[in-house]
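The values are calculated or read from the model by the stated rules, or taken from the named source; none is laboratory data. Just so it is clear, the structure is predicted and the values come from calculations on it, not from any experiment. Heads up, the Cβs are rebuilt from the backbone with ideal geometry, glycines too, and the neighbour counts pull from every protein chain shown. The area values use the complete protein model at the heavy-atom level, side chains included, leaving out ligands, DNA and RNA. Shrake-Rupley method; radii C 1.70, N 1.55, O 1.52, S 1.80 Å.
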Protein chains: 4
Amino acid sequence: MFRLQLQEEPGPVDNLEERNIAWAVDQIVEETRRVLERISPSEAEAFIQELETANRIFFFGAGRSGFVLRTFCMRLMQLGFNVFYVGETITPRIQPGDLLTVISGSGETGHTCGLVKQAHQRQARTVAITAHRNSTAGQVADVAVVIPGATKLVLAQEEDSHQCPGSLFEQAAFLFLEAVVMLLFHLKLGRDREKMLARHADLE
Amino acid sequence: MFRLQLQEEPGPVDNLEERNIAWAVDQIVEETRRVLERISPSEAEAFIQELETANRIFFFGAGRSGFVLRTFCMRLMQLGFNVFYVGETITPRIQPGDLLTVISGSGETGHTCGLVKQAHQRQARTVAITAHRNSTAGQVADVAVVIPGATKLVLAQEEDSHQCPGSLFEQAAFLFLEAVVMLLFHLKLGRDREKMLARHADLE
Amino acid sequence: MFRLQLQEEPGPVDNLEERNIAWAVDQIVEETRRVLERISPSEAEAFIQELETANRIFFFGAGRSGFVLRTFCMRLMQLGFNVFYVGETITPRIQPGDLLTVISGSGETGHTCGLVKQAHQRQARTVAITAHRNSTAGQVADVAVVIPGATKLVLAQEEDSHQCPGSLFEQAAFLFLEAVVMLLFHLKLGRDREKMLARHADLE
Amino acid sequence: MFRLQLQEEPGPVDNLEERNIAWAVDQIVEETRRVLERISPSEAEAFIQELETANRIFFFGAGRSGFVLRTFCMRLMQLGFNVFYVGETITPRIQPGDLLTVISGSGETGHTCGLVKQAHQRQARTVAITAHRNSTAGQVADVAVVIPGATKLVLAQEEDSHQCPGSLFEQAAFLFLEAVVMLLFHLKLGRDREKMLARHADLE
């Protein structure tokens, strides 16, 4: 097993002689579970209703959060939603009746917040997935889904984490979005895998 | 709370009257944990040693697995590794001493397997993250890390899942890679967040 | 003005004392014009007819050619075509009645040729834009559009070029595709800029 | 040959009975040449000097201009420059001594202008490739390279074009950047194709 012989370090981690992949997995699952429990069911419901009623759904996120959001966007395409990812080749102009869903742990990523405001000017609806309700994105968006995981801001009020800054937010956001996918898969497709695979890309 | 009125369906799911986001989160965490427990520590160790000894590390995966791998690739950059993602603008020619790490649930994605063979021709090392040890990718790569989650193949021997085909593999792969990141963050940077943020992109 | 003091070199270039941006521009325009004159009008026509009759149009190219093809794909979206770029987040499964258009100077890029064959298995039509009619892509695709510019293969029968390998093919391919866009803009939209800008992305 | 039967239209185009690909190619080459002649040699020289003296070079552009800039970024990698494209997986934090090169026809793309300002805050140098010297990007950047082609703004003072809004700027920008590549290929590599191909991606 891979052994990490760490020097003494400050902080709340028990001084284990060996830190290995099983220890790290356990930490992550435990930290993530704590964050997931704190997500508001009514915010989740509001988010799903926006997805269900939108004409077309646009997505954007920077960095690792953006990759997490892309996995969600791809699944919605396979589930039959009309989706686009901002910045990709075929993304058209947003219109009234469309929805923009953004993700930003800090809720302050400049470009992301700018897109939310721009979408509003076009009479589109907006959802922000963020760790901070009082952030710009959390305040400006029509619906905020708060995932209270530690972000790169490393703020005092954030959930404590032994991980890299931002990781816990990204992990909890990913699993939350996967839970939304699971509900939609049951609701819209009645768990019919064939219907889903019929849209799954084959040229890749 | 969002209520899914599902028709009767076959299968092992309890016939709950209400399926909501908390139920879905629990299912996913439980399914993922079962898969994560079955990952071989020695394979994880072999993977980390390849990462540590490689000159440069190239990554590739198609579809959602590819986005998961990009989150890992970005973290390794922030941790100080010399990394590239195949198909992006500045990715150069692979050389002897480099490592190609691919991800493929089925282990049979044509392009992905082709890249592994091409890397070998260039005397580069290869790692395949896959659900199936006996797949092409699992057999051809120098190191296979088996994440035994359900894939889009929906095979009888795969872990049972209530989710979309492929989701469980992708979730377990993501959390496994996050555990690798956590170990490297402790090992290489001594949990120093400042060192990490000093490389984190600001133009984004 | 920027002056390049070059050492003596072999080859057909006149030994100019100064090589500057105006000289380079002239060389490129001249080289490109020679290649463009050799494109077959009937191949261009066949290509446009495939675009016009396809249900949906998928695109793929590797490297710089791929970026050139993306500029074309984006324009077709703005002109009202139903387009996708292989490998992007929302690209679905190709179907009978769809068209795959690929670009490959050499016509031998492994992944690109593999996609053409895969599209055929799905009863989709295919177009290959290539410098070499007798290449794999040129032979396998339903329609080949030959742009006889110098490629990275640097073959004896290729048009002579003072540029990097591949550049001349990519430049001629770009201007050819822009000419196709111009014709479609006149034909389909009657040069109506407003109709075009109505689809142009605003979130970007 | 493909024939476009157009209705009468206003404007300076001769009323040709047939508009075909050769006509379109000629129009584009002619329009592009007129724009290229108006690029200032001293601006081109200043741009090249910024490229040569920068520690690392970051690039960004939205839409089709962004794809054009990516072709340039890829070539600079092959020529041995240390380059990154903003938004891609492995792009790190910009530092003093680095250069940010952006492209924006209008010079007013919000995100692009924001990045230029952010780069300045980090004591990085900036270059803007734009059609409008008096635009935000043209004014804020340390060096402006003005490519006076028609943009999506369709302004009265812009070069007249029969093409889609923005096309002429993008074509002239592409050929200008290719001319810069050609000079650097002669200057830095002495036209040695082998040195260049040694860095050309093979996994793609």
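Is one or more of the residues making up region D:49-64 within 13 Å of chain C (Cβ to nearest Cβ), polar (S, T, N, Q) and open to solvent by less than 10 Å² (accessible area, probe 1.4 Å)?
Looking through region D:49-64, none of the residues is within 13 Å of chain C (Cβ to nearest Cβ), polar (S, T, N, Q) and open to solvent by less than 10 Å² (accessible area, probe 1.4 Å).
Identify, by number, the condition in (1) of a type outside the set (Val, Ile, Thr); (2) assigned to a helix (DSSP H, G or I); (3) under 14 Å from the mean Cα position of the chain (by Cα) that D:Phe60 doesn't meet.
(2)
Could you list all residues from region B:70-94 that are assigned to a loop (DSSP other than H, G, I, E, B) and among the basic types (Lys, Arg)?
Passing the criteria: only B:Arg93.
Looking only at helices (runs of 4 or more DSSP H) that lie completely in region B:95-204, which have at least 3 residues being out of contact with any His (no Cβ under 6 Å at 6 or more places or on another chain) and either open to solvent by less than 10 Å² (accessible area, probe 1.4 Å) or under 26 Å from A:Val29 (Cα atoms) (or both)?
Answer list for region B:95-204: B:110-121, B:167-189, B:193-197.
Could you please let me know if D:Leu4 is farther than 19 Å from B:Thr89 by Cβ, at pLDDT below 95, hydrophobic (A, V, I, L, M, F, W, C) and open to solvent by 20 Å² or more (accessible area, probe 1.4 Å)?
Taking the combined requirement at face value, the residue does not satisfy it.
Taking C:Arg19 as meeting all but one of (1) at the interface with chain D (Cβ under 10 Å from one of its Cβ atoms); (2) open to solvent by 10 Å² or more (accessible area, probe 1.4 Å); (3) more than 20 Å from the chain's Cα centre (by Cα), write down the number of the exception.
All conditions pass for C:Arg19, except number (2).
When both residues are 6+ apart or on different chains and their Cβ atoms are under 6 Å apart, which pairs have a first residue that lies in region D:48-68 and is hydroxyl-bearing (Ser, Thr, Tyr), and a second that is in a strand (DSSP E or B) and buried (at least 18 other Cβ atoms within 10 Å of the Cβ)?
Sorted first by the residue in region D:48-68, then by its partner, the pairs are D:Ser65/D:Ile103.
Which of the residues spanning region A:30-42 are in a helix (DSSP H, G or I) and crowded, with 19+ Cβ neighbours inside 10 Å?
Scanning region A:30-42 gives A:Glu31, A:Thr32, A:Val35, A:Leu36.
Would region A:69-91 turn up any residue that is more than 8 Å from every other protein chain (Cβ to nearest Cβ), within 21 Å of A:Glu158 (Cα to Cα) and open to solvent by less than 10 Å² (accessible area, probe 1.4 Å)?
No - not one qualifying residue is present in region A:69-91.
Just checking, does region A:118-126 include any residue being touching a helix residue (DSSP H, G or I) at 6+ places or on another chain (Cβ under 8 Å) and within 9 Å of chain B (Cβ to nearest Cβ)?
no
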